[in-house]
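Encoded as structure tokens, the structure appears first; notes follow it.
Taken together, the values in this text are just the output of simple stated rules run on the coordinates, not laboratory data. This is a predicted model, so every value here is computed, not measured. Quick reminder, even Gly has a Cβ in these numbers, built from the backbone with ideal geometry, and neighbours come from all protein chains shown.
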Amino acid sequence: MSSVKIECIGTDRYRLGESPVWDEKENSLLYVDITGRKVCRWDAGSGQVQAVSVDAPVSSVALRKSGDYVITLGTRFAALKWKEQLVTTIAQVDRDKAKNRFNDGKIDPAGRYFAGTMAEEIRPAVLEPRQGSLYMLCPDHSVVKHFDQVDISNGLDWSLDHKTFFYIDSLSYSVDAFDYDLQTGKIGNRRSIYKVEKEENIPDGMCIDTEGKLWVACYNGGRVIRLDPETGKRIQTVKLPVDKTTSCCFGGKDYSEMYVTSASDGMDRERLSQQPQAGGVFKITGLGVKGIPPYPFAG
């Protein structure tokens, strides 16, 4: 795979980069800096990054059918008007858990916003266990709780036929699958399809390609891995120049580029000097596969 090329886009370094998503209309990559409390947009044409600062940890961003974006902010689902830099709350969860926050989130093929929560970290990946839940924000702004007892709610995506929902609770070190009902958003029959190997470390964000294979960013593993959900086998590993790879998505004109976010939180000065690109956003070309456009929130 000598044709694979990895480059760091832009000079900005983030504390906890996450949730990359391609905005075709703007020819831009959206992503967040969770602990830096920023929603960012990198313009592929100009290479410029714009950012909107928010008042709480912002853990995911997604497109909205009616324009602009939706985000998960603290324990709120919220709408973000980009030009006005205006955030309005849509719904709140985990009101009884003052120390919780949302983590990863993504829109399903029917336009619902799936996102899960977790306890505040004492330090990266160290936290009170089983405090999180997985939620679904429906287009009518009602919220459904799918399950609780989650450690770190993370990567999520849907199979190409929309019959399977893939999900990662990071500290289970497993990529799981559920039967999925697109009409209702109901999930069931949870099973593990891949157990992460030791050197891969912690499974984090995830996306799917047009061949139905999953790509998982491995936090502290410095790589993204490609998995076959049918066989449960890893079929490719792409190593990056930073350890704390957090999430991935496809983008670019024909969705043949992969974008990978990373983090620098929890790294001491020595490690940062060894990995000057920690917290950067990376573009990978030459993978030979494409992704699918992200779904927008229908509400």
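At most 13 other Cβ atoms within 10 Å and a DSSP loop assignment: could you name the GluC sites (Glu not before Pro) in segment 1-90 that fit? Don't skip to the answer; put the middle values down first.
Values: sites: 7, 18, 24, 26, 84; in loops: 24, 26, 84.
Filter output for segment 1-90: 24, 84.
For segment 66-180, what log10 I(q)/I(0) values come out of the Debye formula at q = 0.17, 0.18, 0.24 1/Å, with one point per alpha carbon and no solvent?
-0.84, -0.93, -1.39
Please work out whether segment 151-299 counts as rounded, prolate or oblate from its C-alpha gyration tensor, where a ≥ b ≥ c are the square roots of the eigenvalues and a/c under 1.5 means rounded, while otherwise a/b larger than b/c means prolate and anything else oblate?
Note, shape of segment 151-299 comes out prolate.
Return the long-range amide H neighbours of residue 186 (sequence gap of 5 or more, or a different chain), with a cut-off of under 5 Å between placed amide H atoms.
181
Where in segment 260-283 does the label zone of residue 11 land, with the point 7 angstrom along Cα→C-beta and an amide N cut-off under 16 Å?
276-278, 280-281
Using square roots of five times the C-alpha gyration tensor eigenvalues, list the equivalent-ellipsoid semi-axes of segment 111-163 in whole Å, biggest first.
24, 14, 9
Give the Rg/Rh ratio for segment 26-106, taking Rg as the radius of gyration of the Cα atoms and Rh as the Kirkwood radius, to two decimals.
Result for segment 26-106 is an Rg/Rh of 0.98.
Short version: ³J(HN,Hα) in whole Hz for each residue of segment 98-111, in order, from phi by Karplus 6.51 cos²θ - 1.76 cosθ + 1.60 (θ = phi - 60°), x for Gly and Pro, what are they?
Each residue of segment 98-111 in turn: 4, 9, 8, 8, 5, 10, 5, x, 7, 8, 7, x, 9, x Hz.
With an 8 Å cut-off on Cα pairs and a minimum separation of 6 or more residues, tell me the relative contact order of segment 117-187 in percent.
Result for segment 117-187 is 21 percent.
Among the GluC sites (Glu not before Pro) within segment 221-295, which fall in a DSSP loop and have no more than 12 other Cβ atoms within 10 Å of their own Cβ?
230
For residue 55 and residue 174, FRET efficiency with R0 = 22 Å and r from the beta-carbon atoms, rounded to 0.05?
Approximately 0.05, to the nearest 0.05.
Just to verify a number: FRET efficiency for residue 198 and residue 292, C-beta to C-beta distance, R0 = 30 Å, to 0.05? Could you put the intermediate results ahead of the total?
Values: r = 31 Å, r/R0 = 1.04.
Here the calculated transfer efficiency is 0.45.
Under a point spin-label approximation (7 Å from Cα along Cα-to-Cβ), what is the residue 4-residue 110 distance to one decimal in nm?
So the two model labels end up 3.6 nm from each other.
Could you tell me which of rounded, prolate or oblate describes segment 187-235, using a ≥ b ≥ c as the square roots of the eigenvalues of the alpha-carbon gyration tensor, with rounded for a/c under 1.5 and, failing that, prolate when a/b is larger than b/c and oblate otherwise?
It is prolate, given that a/c is not under 1.5 and a/b is the larger ratio.
In percent, what relative contact order does segment 5-285 have, based on Cα pairs under 8 Å that are 6 or more apart in sequence?
16 percent
For segment 5-285, what ratio Rg/Rh do Cα atoms give with a Kirkwood hydrodynamic radius? Walk me through the numbers on the way to the answer.
On the way: Rg = 17.1 Å, Rh = 18.5 Å.
Taking Rh as the inverse mean 1/r over Cα pairs, Rg/Rh reads 0.93.
Please sort 235-242, 27-34 by packing, taking for each peptide the average over its residues of neighbouring beta carbons within 10 angstrom, highest first.
Top to bottom by mean Cβ count within 10 Å: 27-34, 235-242.
Would you work out which of 185, 252, 273 lies farthest towards the positive end of the dipole of segment 5-285, given +1 charges on the beta-carbon of Lys and Arg and -1 on that of Asp and Glu, about the Cα centre?
Among 185, 252, 273, the one farthest towards the positive end of the dipole of segment 5-285 is 273.
Put one equal scatterer on each alpha carbon of segment 1-143, apply the Debye formula with no solvent term, and list log10 I(q)/I(0) at q = 0.13 1/Å to two decimals.
-0.58
For residue 285 and residue 186 in one chain, what is 0.36 nm times their gap in residues minus the Cα-Cα distance, to one decimal in nm?
Using 0.36 nm per residue and subtracting the Cα-Cα distance, I get 32.1 nm.
Give the lysines reachable from residue 253 as a straight Cα distance under 25 Å; neighbours fewer than 8 places away on the same chain don't count.
Counting by Cα, and skipping residues close in sequence, residue 253 has these lysines nearby: 5, 25, 65, 81, 83, 106, 213, 239, 283, 290.
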